[in-house]
Amino acid sequence: MKPFTGFWALCTLSGLATAWLPGDHRDIESIDGRNLFNRTVPSSSAADKRWLPASGKIRGVDLGTLFVFEPWIAESAWSDMGCGGQQSEFDCVSHLGQSAANSAFQSHWSSWITKDDITQMQSYGLNTIRIPVGYWLREDIVYSDSEHFPQGGLSYLEQVCGWAADAGFYIIIDLHGAPGAQVAKNADTGQYAPTAGFYVDYQYERALKFLEWMTTNIHQNNAFRNVGMLEIVNEPIQNADQVSSMRTSYYPNAFKRIRAAEQALGITSNNQLHIQMMNALWGSGDPNESLTDLWFAAYDDHRYLKWDGSVAVSKDNYISTSCNDNRGGNWPTIVGEWSLSPPDDVQWNSDWAPDTNKDFYSKWFAAQVIAYEKQDGWIFWTWKSQLGDYRWSYQDAVAAGVIPTNIDDVYNMGVCG
């Protein structure tokens, strides 16, 4: 996330749920002669299942600022932690010292998303959470002499995943902060790095070690039983030439290392994780360029009209653009980040102010949902904020009456009719 620039049915067999994406039609297609779409579920233990619903669409929220804190989203909480004036987690830990930072961040992790939040999400008909994390969650790959990140996050990730799994949510874990930072000067990498240092072999290797470790945890820890997708890097540089080594080296090696970790655990192919990359529309090139095996490959698309200078800024045009938006190209694609925020220079004008334009924002929400459900669904950025602006907070938008508690109601509004 760049700050500046009807509930599905669970498909079960003998109490075990399948590993397929919602909306998949896996009885009609194959790759390399293998039927990828057969819904038959072999006998297996519950601990081995990576489930996805057999019908419906991904309808979810990001847990932004939980494990990768973006100060713009929650300035008050950031200040209360002692991080006021610091640009990123790296900077705050450097400022506070490791011990004090660990205490401050652990307090944040235990309070930002609670079990009550998960219950509320469930009551709104949501079925998915996407959890941004940083590579520093695996503490032994952090350079202790030069990198400064909070410690102790894994147990809190287990806690929130356990709550979500108990509530029947599908869970995506997203490598949001990559070693060296995948983009420059952005807190959403966990460090406000002057340059993007991710795109070299030794940083790729650290990310691969994180993915192996996370994969093993997911399959061995019951708290992660509903984690079905692992995103291997969030929002890389939007310049295909600058990140060619990511596509030719990091992506194929990520697939190999994740699958090797699963094979070492005896995970059957139908229980493997979906491996997610940014899709071609993101601008970092064709993610499939060097992949020879697309088994359970998945794709992420982030759609913010706020930062799309090619779209004329008017209410009618925003709704028309969203209604006709085609986010296809790679399949299956989930629109993993989007919001209701217009460009900075108009967002508080009377024509766009949230308090007096709820009808428009309700229609724009509907238009985006309808468009993104032409793909495999959507995940709104984000669940909560301290902005006092429902355009960035699903929780606040429901409270404001902008987002319906029954999401299917968007299809009865005639917005894209």
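Every number in this text was worked out from the coordinates using simple rules, so none of it is lab data. Small disclaimer: the values here were computed from a predicted structure and weren't measured. So basically every Cβ, Gly included, is an ideal-geometry build from the backbone, and we count neighbours across all protein chains shown.
On full extension, the segment bounded by A260 and E75 gains 62.4 nm, given 0.36 nm per residue less the C-alpha separation. Summing Cβ point charges (Lys, Arg +1; Asp, Glu -1) relative to the Cα centre of the range 307-363 gives a dipole of roughly 220 debye. When the helices of the chain are scored as -39500 (n - 2.57) per DSSP H run of n ≥ 4 and the total is divided over every residue, the value at 222 nm lands at -8500 deg cm²/dmol.
The alpha-carbon atoms of the chain define a convex hull whose volume equals 135 cubic angstrom per residue. Each residue of the range 71-83 was assigned a 3J(HN,Hα) from its phi angle through the Karplus curve 6.51 cos²θ - 1.76 cosθ + 1.60 (θ = phi - 60°); the sequence is x, 4, 6, 8, 5, 5, 4, 4, 5, 4, 6, x, 9 Hz, with glycine and proline shown as x. In terms of surrounding Cβ atoms within a 10 Å radius of their Cβ, I403, I334 rank from fewest to most as I403, I334. Considered as an equivalent ellipsoid built on the Cα gyration tensor, the range 165-299 has semi-axes of 25, 17, 14 Å, the largest given first.
Taking the range 239-322 on its own, what percent of its Cα-Cα pair distances exceed 15 Å? Result: 65 percent of Cα pairs exceed 15 Å.
The Rg/Rh ratio for the range 87-239, using Cα coordinates for both the radius of gyration and the Kirkwood hydrodynamic radius, is 0.97.
Take every Cα pair under 8 Å whose residues are at least 6 apart in sequence, average their separation, divide by the length of the range 148-260, and the relative contact order is 31 percent. A Cβ-based charge dipole, computed about the Cα centre of the chain with Lys and Arg at +1 and Asp and Glu at -1, lands at about 840 debye. Among the lysines of the chain, pairs at least eight places apart or on separate chains and with Cα atoms under 21 Å apart come to 19.
In whole percents, the pair-distance distribution calculated for the range 276-392 from its alpha-carbon pairs, binned every 10 Å from zero, is 13, 42, 30, 12, 3, 0.
A cut-off of 5 Å between modelled amide H atoms, ignoring neighbours fewer than 5 places along the same chain, links A298 with I275, Q276, M277. Sequence-ordered 3J(HN,Hα) estimates for the range 224-238 from the Karplus curve with 6.51, -1.76 and 1.60 and θ = phi - 60° stand at 9, 4, 9, 7, x, 9, 10, 8, 8, 5, 8, 6, x, 3, 8 Hz, glycine and proline given as x. Qualifying chymotrypsin sites (Phe, Trp or Tyr not before Pro) in the range 177-282, where qualification requires a DSSP coil assignment and no more than 15 other C-beta atoms within 10 Å, are lacking entirely.
When both the range 117-194 and the range 362-391 are represented by their alpha-carbon centers, they are found 20 Å apart.
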